[in-house]
Structures are given as C-alpha cells and as structure tokens.
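Report on the structure given below.
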Amino acid sequence: MTANPMLTYPYSIKRIQQETYDTFTLELKPKGNIQTKPFAPGQFNMLYVFGVGEVPISISGDPDKHDVLVHTTRAVGAVTNAMRKLRRGDLIGVRGPFGTSWPMEEAKGCDVVIVAGGIGLPPLRPSVYQLLSQRREYGKVFVLYGARTPADLLYLQEMEQWRARSDVHVDITVDRALRWWRGNVGVVTTLIPRADFDPTSTIAMMVGPEIMMRFTIAELQKRGLSDESIYISMERNMKCGFGFCGHCQFGPFFVCKDGPVFRYDRVKPFVGKGEI
Amino acid sequence: MVGPSLQVGERVVLDRQHLQQLFDALSKRGYRILGPTVNDRAIVYDELSSVDDLPTGWTDEQNAGTYCLKKRADGAVFGYVVGPHSWKKFLLQPEMQLWQAKSAESGLKVLEGKEVTPKAAFLGVRSCELHAIAIQDRIFADGEYVDPSYKSRRENLFIVAVNCTQAGGTCFCTSMETGPKATSGFDLALTEVLDDKRHCFLVEAGTELGTKVLGELSYREASEEEIAVAESSVEKCSRQMGRTMNTSEIKELLYRNYENPRWDDVASRCLTCGNCTMVCPTCFCTTVEDYTDLSGQLAERRRRMDVCFTMDFSYIHGGSIRYSPKARYRQWMTHKLATWIDQFGVSGCVGCGRCITWCPVAIDITEEARAIRESELSHRTIT
Amino acid sequence: METLEPILAQHPFLKELEPRHLKILVGCASNVRFNAGQILFHEGEEANQFYMIRQGKVAIEILAPELGPITVQTVGEGDVLGWSWLIPPYRWRFGARAVELTRAIALDGKCLRQKSEEDHDLGYELLKRFSGIIVERLEATRLQLLDVYKARP
C-alpha cells in the first residue's frame, strides 16, 4: 500500500438526478485511465467537491456494474449543497471504497429482512440488487421502508418494480400523510409484525437514524431474532475514512474501518449509551 | 578512533568531552539533529547545532499542573525528563499539506504534496518516547494503510536514546512497563555517568547503523565498575517514579465504568482545553481542511493535528455526539487506557506524565484511574 | 350457519383466551365489512365497539380545520382498532376510515363492559391485552413524534 490513501481521484458526473426536494443522486464515471474499484454493498466513498470539502457517502449502485459509481445523498451541509449545484461533466474527487459490508454470504439460505428509514435506503439498495441477482441463494426477501412523508420516499419507481415481483415483499410506510395517501401510516417498526420471516433463519439489515434502529432491533428481538442475526450501519464524523484521524470512534470501534456495517451483538454494549 | 568493528548490543564509554563528535558524525552523514534545548523556560525539542545547545546543567521540577526549570548543582547533560514537546512534532507533524489540486479546462489535476523528507536524528529520546514512537508506527507505518510522509520520515531516522537516571515528578513509566531503561527501537542508547570521579556516557549500540556511527567516535572500553554505576542509576531511577498506575485489568475496569459518577467530578474541573492531547506523545487525531485560492483555480488540502475535546470533533448533522465536557474527558481517558488496547494491542499511555504536568487544573490521569478503581471497592464493602 | 368462534380463536389478539371467555366474546361479535373510503366511526361519536381487523387497511384520522383529515396511523390485518369503549366517557377521540376494502369482526363494547363488571376474570383478560396494544401504540407514536428522519445540517 504505497499510494497515499488521502489522494482523491477525479470522476466526472455522468448524470445528476433530483430524487426529492432535498435528496439527489450522482452517477460518476472515472476520468482518464483510472479504474473504478469494485465495491461491496454497504461500503462508502469519500467524495470531494473542489475547494469546498469532502464527505463520506454510501455507494448506492449495483455492485455488478461498478464502472459507474452511484451515490444518493441529501443536501444538508456546505459540501452536499455545493454538490447539488454541479452539472453533468463537472468533476468530483473520489477516494475509496472504505468500510465493512453487508453479510451477503452469511445471509445465503436464510430469509432476509431489510429495514430502511429515511435516507437509510441508499446504503441498502446495493444489497437488494445483489439479492435479486442471486435470488435463488436466499429465502424470503422483505424490504421494509419508512420515511417522513410520501414526498420523502426514494426510488419509488424501482420499489414498485420490486413490489411487482412475486418473490420480494415490499412494504412502505410514512410517519405522516395527507388524505390522498393510500399507503401505510406509522413507524417502520409497525411493518415488522406483518413480515412472516422465519426468526430461526433470518438475517436482518437496517439503516436509519439511531433511534429508529434501536426500536427496530427491539421489534426484531421480540420476533425471536438473535443479536448475531442483526446487522446495523452506524454513522459518525469522518475525516479520513481509514482509521487515521480518530474522529469516527464509537467505543473501541472505528466506524470507517470496523464499520459502518456492524453485527449487532458486537456493538451492543455501546448502542444507545449516551455520548459514546 | 577506528578500532575493531563493534557488535550490536555492545557497550562502550564515550567521555563527556567527546560528545560533540556524535554531533559531527551525524551531521557528516546528512542528519539534521533534533533534541532537547532550553527555550521559553522549558526544555523543548528543536534543531541542535552543537553540544552547547543541550540543556546542560538544567533540571525540571514537575508536578500536577506545574513545570519549572531549575539550575543543577552539576553539569549533567541529560539531567531532566520530558517537556511539553514530543517526537510526534517531527514524525506526524502538527500541520502539513496533503495535496494540491488545479482546476483547468482539461479537468482536475491532483498533485501530491512533494516534500523533501528531512533526514533527522533524534538525540535524547527517553524510553517512554521510544514506546510512543512504536505505538504510532503501528498506526501509520505498519498497517493496511500507510501515511507515506510518516513512513519516509521514520525510515530516515537515527535515534539516540537516553536512559533516565532521575525520574520526573509525574513519571510512571515503570507502571506502564515502558522504562526507564530503553530496551529496543534505538540506534544508540546513552546512560550518563556523572560523579566526582568522572563524567562520561555508557553507549549501547542498538543497530548496525548505530555501530557504524559509534565506530567513528573516540570511545573506550567500558569497565565493569562503569557499567555497574550506570545500571544502578537507571535502576534507582525506576524506584523514584512520581506516580503509579495500577494497570491490572484496567481495560475491563473502564469498560464497566462508563456511568461512574467520577466522570462528573472530573468534568467539573476539566476545561476541555486539550493541553493533554497536545503534549501526549501518542495522541494522533488529525483533521483535514480544504482551502481554495481567490481565483478558485487552485485548491489545497491540509492536515493538522486535532483535539477530541472540541465540540466540533464529534459533530454530525445537527449536533455533537459528545456534547458534554464529561463525555469528552471520558472519551480521552477511556481511549488512552482502554479502547486503545482493543484497537492496537497495547495501551495508549506510556507513563510520561506530560498530561499531568501540563493540565492547567492539575487533573492527574493516575488519580482518576485510582478513584474509579477504588469506587468499585467501596461498593463491595458496603454490600 | 358458521359461528365466528374459530375466526376469533385464531386472531392473535385473543391468543390463549379461556374457552368460556371466548364464548362470551363470540356472543358479542359480528362480521363487518367496509368498502374503500367508508367511514367506520366519526370523532366524537359514542364508542360502543372495537374491531379486530381481518383484512384490509383502516386509517385513524383527525380533522384539522385548514388541512382536512390527517392520518396519524393506519392499521391492518391482525391489528385491533379502538379502545375508547373501555374508558369513560366512551367517545371516539379520532375517526376511522377504510382505505381499502376491509373485513373485520366488530365486538359490542357496551355489552362487554357489562359482562366484565359481572366477570372480573374476563375484564382482567381484556384489559391485559388492551394495555399491551396501548403501550405499543404509545411507543410508536413517540417514535413518530421524534421526527427522526428530519434533515439536520
């Protein structure tokens, strides 16, 4: 490893698409003769906007099609707001991929429950792609998705395509809605009792705000899932992405290299503990 | 004197008047010599041009929250311990450029920071500091990812260690098993021998390179008596430690005590000034800052050392994870003594005592660890 | 004619209910069906029954003058709807509207209140189960209140 891991490589924006009023998706292609590195579902890249700064963003594309990097993100700060204003052809610096990935191998032969809250769906989409492309290797597949309001739902067209398949159970809910919404209203945990997975042979993967994840874990445990069958994705302040800067520490773990995907039993003593 | 070639591990004596030769031999080989010198009423690490720059005849009086230099009655060259600086100043660097990027018609060009790696010799590295350097090596030079700047500075480094013959007021290297005797990680190790009979240094060669440099100096054979005197003064030093730390199962102790009321107690004193992180030889957290020039054509990324006591450190959309001073002090101490062990296989503390000396409100990490340990005992006696 | 007994016995809400209590409930039960858009009850009306949903989706809503009806939660298959019949003044605090075709068992709350006064064991069984439901809803509501998905810079 002689290359400086802090060096960023220019990628060109092939497409930038508005998903909702504050969330957008970038499709990036490498510039020059850089080869895109393959990534595993759950990993992230550090994306740099020239002169503005860098942020960690999960990769949300298909792991089999890694010549184009797909990133969906919300515009919340200086860097992501600057990113939102970029055009097709503009350049973004990319470093990565970093981090641990979803347990796609361990999940083979089991039912898979994917629980996504809000902006938590993008980091899980690559695993849904992989589940669907190797569908026979897995048991029942559930995709449970909760968002704030119907206007915040991501990838709706795609989710409808998944729902149309007979071999995937898709259930969506929102925290609040007005009359025209014919779907579920309520927190995403309310979707779990209706998902008939086999708790003795299920792997659950979830991403969302920490509170939502804690409630989801409780609901899954109520159904009989063991702590070793539950995987979560954590988030902390990151500056380097590979364990040098110390910012992303969560107890003894570096979220950038021991995570962001963690098996719940390993991080259990620290999840929900104040200010860790 | 060019005598028969020396072996690694061999010990010889260099008389005080020949110490300058060490400087000359290193300079001749292109090394920039860095070591202790008096500046701003403290003994700091800086570039040395000759033996005269060393703090000969000075000693430091250290205790919690206090540091002061005093003149010695003798002319000892290394009669003090460690000051506010540590060697990370030269290896990890407080501030540096990572790369520059040019925005042009053709796109974005990223240029790695081209620095000329200085060839440095550290003169006067204490045993605790050797351990600290080894700890940072694990992170920046020996892992899956490498910091190229750290690695190249480290590879071009010549280390002259000094065995302490006098412990400092806040030292506890014996508790952390990091001294006072330097056992490895040096090219040469000196033990100062100063009494009414003589003033000389027992020199041990630690590497092949060390033997070569030593071979160029006017050394002489070490007598049994000189070796005994040197060894006994180091041994005496190990019994003079100003502090102690019970490290028995300290990792488990701190993992059990995240909610201990002692943290509130220390939080009422801690200013979150971060002095402890700045003087600590193993603290390595850094942050990254992105700059751009006025034209918007040139951007730069710089890295600088960071402090986990700031509100900024753990900021993530909406707020800081560790918003209270209590949580930030707890993070620093628990990382240093406990989680570090799970992360890197060793303790993050080398017992140098700097954090105790340089804390403006005299918080003592050994005292805090003791209080937490004892709070468990008192619980048991009550039940 | 088929009684509702096997259907009630199977519903998760009545799991492990003693047969003699189940019979009482069957006596107070009836099969109901609501088409999409049909109102089950209005806010403010007398609350004299509760529903065990067998199929479909019901929106629990409240009327806001400027915004119209706001759905606070939807319930579906396996859920229980309505606890206002248990607590005086026995009036609905929210309205309920079927979002899609919904089949349910309606239970006569007024009748059950009386039977529970006579048979405290029955009352205890019902309250035990309802308190579980209320706690679940409270937790879910708190989670909704926390607005966890809100963007924070």
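Descriptive notes on the structure:
- Averaged over A:143-154, number of beta-carbon atoms from partner chains that fall within 10 Å: 1
- Remark on A:Ser60: its backbone amide H falls under 5 Å from those of A:Val70, A:His71, A:Thr72, a criterion applied only to residues 5 or more positions apart or on other chains, H modelled at 1.01 Å from N.
- Among the GluC sites (Glu not before Pro) in the range A:3-105, those placed in a DSSP loop whose Cβ has at most 14 other Cβ atoms within 10 Å are A:Glu105.
- Annotation: amide H-H contacts under 5 Å for B:Ala121 (H modelled 1.01 Å from N, sequence separation of 5 or more, or interchain): B:Arg32, B:Ile33, B:Leu34, B:Phe158.
- Paramagnetic reach from B:Val8 (point 7 Å along Cα→Cβ, amide N under 15 Å) across the range B:132-162: B:159
- Considering the range C:5-143, its Cα convex hull presents a mean projected area of 8.4 nm².
- What separates the Cα centres of the range C:1-34 and the range A:159-181 is a distance of 31 Å.
- Cβ crowding within 10 Å, taken as a proxy for footprinting-reagent exposure, orders C:Leu145, A:Leu154, B:Leu69 from fewest neighbours to most as C:Leu145, B:Leu69, A:Leu154.
- Net charge contributed by nearby residues that have their C-beta within less than 11 Å of C:Gly95 (K/R +1, D/E -1): -1
- Shown for B:Val361, A:Val207, B:Val12, C:Val75: other C-beta atoms within 10 Å of each C-beta, ranked fewest to most, produce the order B:Val361, B:Val12, C:Val75, A:Val207.
- Within the shell defined by Cβ-Cβ distances under 11 Å, the residues around A:Leu191 carry a net charge of -1, with Lys and Arg each +1 and Asp and Glu each -1.
- Separation of the B:Ser49 and B:His317 label points, Cα + 7 Å toward Cβ, nm: 5.7
- Mean residue ellipticity at 222 nm, helices only, chain A: -4000 deg cm²/dmol; runs of at least 4 DSSP H residues each add -39,500 (n - 2.57), and the sum is divided by the number of residues.
- Exposed trypsin sites (Lys or Arg not before Pro) absent: longest stretch of chain C, with sites in DSSP loops and at most 16 other Cβ within 10 Å deemed exposed: C:16-92
- Our helix-only sum for chain C, with -39,500 (n - 2.57) per DSSP H run of n ≥ 4 divided by its residues, gives a mean residue ellipticity at 222 nm of -10500 deg cm²/dmol.
- Charge tally in the Cβ shell below 15 Å around B:Glu289, where Lys, Arg are +1 and Asp, Glu are -1, B:Glu289 excluded: -2
- Karplus 3J(HN,Hα) series, Hz, for the range B:87-102 with 6.51 cos²θ - 1.76 cosθ + 1.60 (x for Gly, Pro): 5, 5, 4, 9, 8, 8, 6, x, 8, 7, 8, 8, 6, 10, 10, 10
- Distance between the 7 Å Cα→Cβ label points at B:Arg220 and B:Glu235: 2.5 nm.
- Nearest-0.05 FRET efficiency for C:Thr141 and A:Val68, computed from C-beta distance (R0 56 Å): 0.85
- Of all DSSP beta bridges confined to the protein assembly as shown, the antiparallel ones make up roughly 75%.
- Overall form of the protein assembly as shown per C-alpha gyration tensor (a/c, 1.5; a/b vs b/c): prolate
- Per residue of chain B, the DSSP helices (runs of n ≥ 4 H) give a summed -39500 (n - 2.57) that works out to -8500 deg cm²/dmol at 222 nm.
- The Cα center of the range A:30-79 and the Cα center of the range C:45-72 differ in position by 44 Å.
- Over all orientations, the range A:9-98 has a Cα convex hull whose mean projected area works out to 5.2 square nanometres.
- Residue by residue, the range B:158-169 carries 3J(HN,Hα) couplings of 10, 10, 10, 8, 10, 7, 6, 10, 8, 7, x, x Hz when phi is fed to the Karplus relation 6.51 cos²θ - 1.76 cosθ + 1.60 (θ = phi - 60°); x denotes Gly or Pro.
- The loop-placed chymotrypsin sites (Phe, Trp or Tyr not before Pro) in the range C:90-153, going by DSSP, that have at most 15 neighbouring Cβ atoms within 10 Å of their Cβ come out as C:Tyr90.
- Candidates per chymotrypsin sites (Phe, Trp or Tyr not before Pro) in the range A:85-188, loop by DSSP, up to 10 other Cβ within 10 Å: A:Trp180
- Cα gyration tensor, the range B:309-373 - rounded (a/c under 1.5), prolate or oblate: oblate
- For chain B, excluding the exposed loop sites themselves (GluC sites (Glu not before Pro), DSSP loop, at most 16 other Cβ atoms within 10 Å), the longest remaining stretch covers B:260-383.
- In sequence order, the range C:81-87 has phi-based couplings of 10, x, 10, 5, 5, 7, 10 Hz under the Karplus curve 6.51 cos²θ - 1.76 cosθ + 1.60, θ = phi - 60°, and Gly or Pro positions carry x.
- Site pair A:Glu160 and B:Lys70 shows an inter-label distance of 8.4 nm when each label is modelled 7 Å from Cα along Cα→Cβ.
- Seen through its C-alpha gyration tensor, with square-root eigenvalues sorted a ≥ b ≥ c, chain B comes out oblate because a/c lies at 1.5 or above while a/b is not bigger than b/c.
- Using the Cβ-Cβ distance between A:Lys273 and A:Ser201 with R0 set to 25 Å, the FRET efficiency works out to roughly 0.25.
- Legend: calculated FRET efficiency, B:Phe344 to B:Ser248, from the Cβ-Cβ distance at R0 = 22 Å, rounded to 0.05, equals 0.70.
- Least to most buried among A:Arg223, A:Arg135 (fewest other Cβ within 10 Å first): A:Arg135, A:Arg223
- Taking amide H positions as modeled 1.01 Å from N, with prolines and chain starts lacking one, the residues under 5 Å from A:Met205 and 5 or more places away or on another chain are A:Val113, A:Ile114, A:Val115, A:Tyr231.
- Amide N of the range B:240-280 lying under 15 Å from the label point, which is placed 7 angstrom from the Cα of B:Ser375 along Cα→Cβ: B:253-270
We did not get these values from a lab; they are worked out from the coordinates using the rules stated. No experiment lies behind these values; they were computed from the predicted model shown. Reconstructed Cβ throughout: ideal geometry from the backbone, glycine too, with neighbour counts over all protein chains shown.
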